[in-house]
Amino acid sequence: MAVAVVGERGGALQPLGEDGTPSGSVMLVDDLVAAVAEQERAASPRWVWDSTARLYPRLLRAGVRVARCHDLELVEAVLLAFEGRFGEPRSVPAALARLRGEPAPADEPEEDQPSLFGAAPAVGLAAVVEIHGAQIVRFRGGLGLLSAAESAGGLIAAEMSHDGLPWRADVHDELLTGLLGPRPAPGMRPRLLQDLADQISAAFGAHVNPDSPAQLLKAFAAVGFAVESTRALVLKQIDHPAVPHVLAYKELARLYANHGWSWLDTWARGGRFRPEYLVGGVVSGRWATRGGGALQIPKILRRAAIADPGWKLVVADAAQLEPRVLAALAGDRAFAEAAAHGDLYEALAEAFAKAAPGDPRSPRDKAKIAMLSAMYGGGTGDAVQLLGILRHRFPEAYGYVEAAARAGERGELVRSRLGRTCPPASAAFRELITTEAGRSTAAARGRFTRNFVVQATAAEWALAMMASLRRRLTTEAHLVFFQHDEVIVHAPADQVGTVSEAITEAAFEAAGLLFGPTPVLFPMEIAVADAYADAK
């Protein structure tokens with residue numbers, strides 16, 4: 001059963017059949033939140049609405065959670081990409097305009113978008129029903145599972161932002177003070193940063209602002225080092241007393257700018273870190289965030305992520321996810337057999353035991369280098385020999401990513417397991433690759449598509465795993481954090497065993513949903529801790 005819904009305080013609901021057509025009368029309600037809560041308790045329908053990111057937070061604040069939804073905007077983006085129309089507006093007004101053969105209006109900035117359809121819910125409801133029905137027809141070619149997973153991701157993202165990762169502001173402040181000195185006055189540097197800045201100027205014998213790459217380059221040139229950038233890899237090649245101070249300053253300044261006291265004031269209020277997740281924010285389907293840097297929390301600050309008293313953080317990440325995804329995608333029997341072991345690279349190591357005899361790295365490390373070269377492209381020196389061994393031992397796996405690379409070089413589209421589609425090649429690209437100068441451009445796109453088929457499928461596996469895990473968790477335990485292949489569940493201490501089992505079962509179910517019966521294992525490395533830092 002599905003129910004289309006629009007509105008703000010009041011609104012309108014419409015029961016829908018499996019084909020998306022109305023199966024009951026429109027219900028006008030004065031209290032939309034109460035109406036949704038009642039319908040959820042009675043029938044737990046699949047809610048059809050324009051944007052989970054806009055409607056669901058209001059339900060969550062009222063204590064209402066739903067099990068399923070169909071997010072028109074997220075699904076529209078998936079469908080447009082599949083049809084080679086990547087980047088076109090995905091909003092309900094844009095989708096409706098396309099259905100009617102009219103120019104599609106640009107998507108409005110998120111903060112400027114009205115709450116659903118404002119004062120005309122019945123008109124808005126008709127548009128939701130029409131677009132939903134058209135989307136069902138469009139994804140009958142095989143995008144149904146991806147659409148459901150993407151919509152589930154929207155629910156999960158909103159719930160994680162609402163629940164938040166437990167965060168101790170006092171511990172964060174203590175860590176910052178130890179690294180940078182006391183919190184500075186507005187416009188001033190922290191004391192230890194200023195000390196480093198003074199040491200940099202002293203080493204150069206002139207005042208230099210270390211926040212200015214141009215001044216640093218000029219200062220190095222003045223002492224005989226004409227470098228093109230201030231990147232750490234470049235500076236480490238220079239023998240000058242300013243270098244260690246510059247490197248230390250850059251690292252601490254990055255921490256101060258990205259996760260300093262301003263970050264703490266903005267993103268970690270009320271004892272919780274609540275980032276704004278963007279489902280499918282990256283073309284491969286990986287998530288992004290709007291502010292907060294949730295996907296790049298420095299290890300040193302993970303000490304501030306501490307479970308509530310009587311609770312624990314259950315931290316789980318998928319071991320060697322992308323190589324395992326490739327094994328399942330390619331159906332390479334030998335590779336799949338290797339991926340049925342706990343440590344995939346160790347299982348592959350035997351094949352590389354005698355490779356590159358002058359290379360001091362272990363056979364396991366050589367196997368890892370070969371696998372990463374196959375999935376990401378490139379490879380020079382000994383990596384070429386290692387890649388050759390991989391190609392010989394696991395031809396189907398190697399051939400799978402090679403085919404994706406060649407398709408990308410020709411300007412063709414490639415797709416993930418569930419149908420997520422890479423951006424199409426531009427007309428300029430197609431013209432350029434016919435020339436001698438276009439070879440490097442074609443090779444670059446080939447490297448992108450080589451990895452896209454694996455990374456996008458890995459993102460789908462992660463979505464399916466989280467959707468399965470969310471369904472298995474008790475009402476007390478909540479998913480509170482996610483990045484790429486890692487999740488954190490905040491759970492009562494007496495439920496950590498149940499949560500750990502649920503994570504393992506969810507990983508198994510996700511593999512079955514994507515690949516069917518497969519010998520490839522997708523093990524989850526699970527740790528239970530009071531602080532996030534102690535789990536890694």
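Considering only the chain, what is the antiparallel percent among its DSSP beta bridges, to the nearest 5? Approximately 85 percent, going by the DSSP bridge assignments. In the complete set of protein chains, residue-level accessible area for Arg391 is approximately 110 Å², probe 1.4 angstrom. Taking 0.36 nm per residue of sequence separation and removing the Cα-Cα distance, the Ala427/Ala257 pair yields an extension gain of 57.2 nm.
Here Cα Rg over 2.2 N^0.38 Å was computed from the coordinates, and among (i) 1.23; (ii) 0.99; (iii) 1.09 the match is (iii). Give the shape of segment 364-452 as rounded, prolate or oblate, defined through the alpha-carbon gyration tensor: a ≥ b ≥ c are the square roots of its eigenvalues, a/c under 1.5 means rounded, and otherwise the shape is prolate if a/b is larger than b/c and oblate if not. Oblate is the answer for segment 364-452, as a/c is 1.5 or above yet b/c matches or exceeds a/b.
The value of relative contact order for the chain, using C-alpha pairs under 8 Å at least six residues apart, is 15 percent. Summarising the label geometry, the points placed 7 Å from Cα in the beta-carbon direction at Arg183 and Ala43 lie 5.1 nm from one another. The packing ranking of peptides 125-132, 462-469, highest mean first, is 462-469, 125-132, where packing means the average number of other beta carbon atoms within 10 angstrom of each residue. Residue order by solvent-accessible surface for Asp107, Asp211 is Asp211, Asp107, largest first, with ligands and nucleic acids left out and a 1.4 Å probe. Surface analysis of segment 23-86 yields an accessible area of 42 Å² per residue, using protein heavy atoms and a 1.4 Å probe. The angle between the Cα long axis of helix 191-204 and the main principal axis of the chain comes to about 40°, on a 0 to 90 degree scale. As a calculated quantity, the FRET efficiency between Lys536 and Glu88 at R0 = 41 Å, using C-beta atoms, amounts to about 0.55. When a 1.4 Å probe is rolled over the protein heavy atoms, the share of accessible surface on the chain that falls to carbon and sulfur comes to 54 percent. Simple point charges give the picture: +1 on the Cβ of Lys and Arg, -1 on the Cβ of Asp and Glu, and for the chain a dipole about the Cα centre of about 940 debye. By the Cα gyration tensor, segment 312-461 has an equivalent ellipsoid whose semi-axes, rounded to whole angstrom, run 28, 21, 13 from largest to smallest.
Each label point was placed 7 Å from the Cα along the Cα-to-Cβ direction; for Asp365 and Arg447 their separation is 2.3 nm.
At an R0 of 45 angstrom, the distance between the Cβ atoms of Met27 and Phe508 translates into a FRET efficiency of 0.65. Under the rule a/c < 1.5 gives rounded, and otherwise a/b versus b/c splits prolate from oblate, where does segment 250-358 land using the Cα gyration tensor? The shape class here is prolate.
The 3J(HN,Hα) values that the Karplus relation (6.51, -1.76, 1.60; θ = phi - 60°) gives for segment 459-466 are, in residue order, 5, 5, 4, 4, 4, 5, 4, 5 Hz. Gly and Pro appear as x.
Around the amide H of Arg46, modelled in the peptide plane, lie the amide H atoms of Ala2, Val3, all under 5 Å away and 5 or more residues distant in sequence or on another chain.
The values are calculated or read from the model by the stated rules, or taken from the named source; none is laboratory data. Note that this is a predicted model, so its numbers are computed, not measured. Virtual Cβ from ideal backbone geometry, glycine too; neighbours counted across all protein chains shown. Calculation scope for accessible area: heavy atoms of the full protein, side chains included, ligands and nucleic acids excluded. Shrake-Rupley method; radii C 1.70, N 1.55, O 1.52, S 1.80 Å.
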